[in-house]
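Here is the structure we will look at.
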Amino acid sequence: MSRGRIDREKRIVEQMIRIYCRHKEGNAELCSGCAGLIAYACTRLDRCRFGEAKSSCQRCPVHCYRPDMRRRIRMVMRFSGPRMLLYAPLEFLRHLVR
Ligand SMILES: [Zn+2]
């Protein structure tokens, strides 16, 4: 089974967290908190029960994030969502279209 979709989702989440860390937190290098968030998000994606059939996490009916992680990822999404159009427009648009 191809893992393409999950891998793409991971890349998008990682990119959004990197944008958040650099532009919102002002870190030149990814901080350990955000690195941990990326690792956590990737673990959740690996364990996602929808696997390759999943839609984007915003529309996912299963809230699989721990409450504190969920709060953080939502802040990241709110900040980086619009900015993804500037920094990674093609990948992000493909993400929205699905
Ligand atoms: Zn950070």
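Derivation of every value follows stated rules applied to the coordinates shown; laboratory data play no part. Model, not experiment: these values are computed from the prediction.
In this structure, the amide hydrogen of Tyr65, modeled 1.01 Å from its nitrogen in the peptide plane, lies closer than 5 angstrom to no residue at least 5 positions away or on a different chain. Here the extension length gained between Ala28 and Arg11 equals 4.2 nm, from 0.36 nm per residue of separation less the Cα-Cα distance. Phi angles of the stretch 7-12 translate, via the Karplus equation with coefficients 6.51, -1.76, 1.60 and θ = phi - 60°, into HN-Hα couplings of 4, 5, 4, 4, 4, 5 Hz per residue; Gly and Pro are given as x.
For the stretch 40-47, the Karplus equation 6.51 cos²θ - 1.76 cosθ + 1.60, evaluated at θ = phi - 60°, returns couplings of 5, 4, 5, 5, 4, 5, 4, 9 Hz by residue, with Gly and Pro reported as x.
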